[in-house]
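All remarks here apply to the structure that follows.
Every number in this text was worked out from the coordinates using simple rules, so none of it is lab data. A quick note: this is a predicted structure, and the numbers were derived from the prediction, not measured. Positions of Cβ are backbone-derived with ideal geometry, glycine not excepted, and every protein chain shown enters the neighbour counts.
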């Protein structure tokens, strides 16, 4: 196992290949600007902002995957707003959970019965810190 995003397990085995590529991670600082009369504003670091991740996946029945079932799992994760762990090589990524903020699908190959055999997906995730009281 390479890692997982909630129920979606990334793995390479003799039975199937389900991996991702083009992983991009971005983060920034939160900075407040305080206006001063007749002078330049003062900047204040207020803390780190939430991180974002994006990556692509190719789901192919030729690699042992049922593309439409996998996409349906991702759609449900997005539509339910589930915060899920994203773990790579046994290491949780980020401080908390992740929300699937965006899912883009490209149906690359559809068989003669209308069944998608290859679906390319682009996922965008946003770090989700649970409410602390």
When restricted to 97, 103, 125, the only residue touching a helix residue (DSSP H, G or I) at 6+ places or on another chain (Cβ under 8 Å) and either crowded, with 16+ Cβ neighbours inside 10 Å or without any contact (Cβ under 8 Å) to a residue 40 or more places away in the chain (or both) is 103
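If I go through the range 41-63 residue by residue, how many of them are over 21 Å from the mean Cα position of the chain (by Cα) and either touching a residue at least 60 places away in the same chain (Cβ under 8 Å) or exposed (fewer than 13 other Cβ atoms within 10 Å of the Cβ) (or both)?
Residues flagged as over 21 Å from the mean Cα position of the chain (by Cα) and either touching a residue at least 60 places away in the same chain (Cβ under 8 Å) or exposed (fewer than 13 other Cβ atoms within 10 Å of the Cβ) (or both) within the range 41-63 amount to 8.
Is it the case, given these coordinates, that residue 38 is surrounded by fewer than 11 Cβ atoms within 10 Å (Cβ to Cβ) and over 22 Å from residue 2 (Cα atoms)?
Here the answer is yes, as residue 38 does meet what is asked.
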*Hey, any hits in the range 74-94 for a residue that's out of contact with any helix residue (DSSP H, G or I) (no Cβ under 8 Å at 6 or more places or on another chain), surrounded by 12 or more Cβ atoms within 10 Å (Cβ to Cβ), over 15 Å from residue 7 (Cα atoms) and without any contact (Cβ under 8 Å) to a residue 40 or more places away in the chain?*
no
Residues in the range 1-51 that are farther than 15 Å from residue 123 by Cα, outside any strand (DSSP E or B) and touching a strand residue (DSSP E or B) at 6+ places or on another chain (Cβ under 6 Å) total 4
